[in-house]
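All remarks here apply to the structure that follows.
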Amino acid sequence: MMKKQLVFLCLTLISVLSLAQSDPLKNICYTLKVEKIRRPADTLNHMPDSSRNEFHLLKNGLYHFVINGKKYLYHRITDMTSDSITIALPGDDDPKITFSPHEINSMTTWHVDTALGWQSKFVESKDYSFSLVRHNDLYLSSIMKICLNEKCEKQYKGYLFFNDRTGFYTIFKKKKSYYIYGFGDAKTVKLNIRE
């Protein structure tokens, strides 16, 4: 199981890196920077370097958000500009929700811990700051093409999500329902996501 997840992760990273285009104007994008707020006590304790206290969320990645007190589970970042973030459910472009980074109360994402590997991470606005950062390169979480039969008569767009218990999985929309795609011998399972 772990070997399949590693292969899946490698393919995902390769596809993310291959999305960069040659025209620098087309490559400008934004990421949501999540950074631990430093307090005077942290400085005294020699807080670790900033790379361990900050991370970036990518367009097309799935995350759980609480924005102005309302929950948005399994939402995909569809766009980021200099002052706003737009999210929607996986496989949908509507309805979209647009908000400022300052409106985020909390969120759940995933990151790499050098000792424990991939871990989910819950962050709150009282402990973390959220800001949009401009990049000259194109950074996207990859979109998987999913076929549900050998003939691949219809393809679905799958979006990455991570959970500590199950690892990485891909969520896609078929008709009006959402599913976790079953790789290899695993079964495809229907999710209970409400719009």
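Key figures
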| read-out | value |
| --- | --- |
| Strands (runs of 3 or more DSSP E) enclosed by region 132-179 - at least 1 residues per element that are on the phi > 0 side of the Ramachandran plot, modelled with pLDDT under 90 and among the small types (Gly, Ala, Ser) | 167-174 |
| Qualifying residue in region 83-91 (condition: more than 26 Å from Lys174 (Cα to Cα) and at pLDDT 85 or above) | yes |
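The values are calculated or read from the model by the stated rules, or taken from the named source; none is laboratory data. A quick note: this is a predicted structure, and the numbers were derived from the prediction, not measured.
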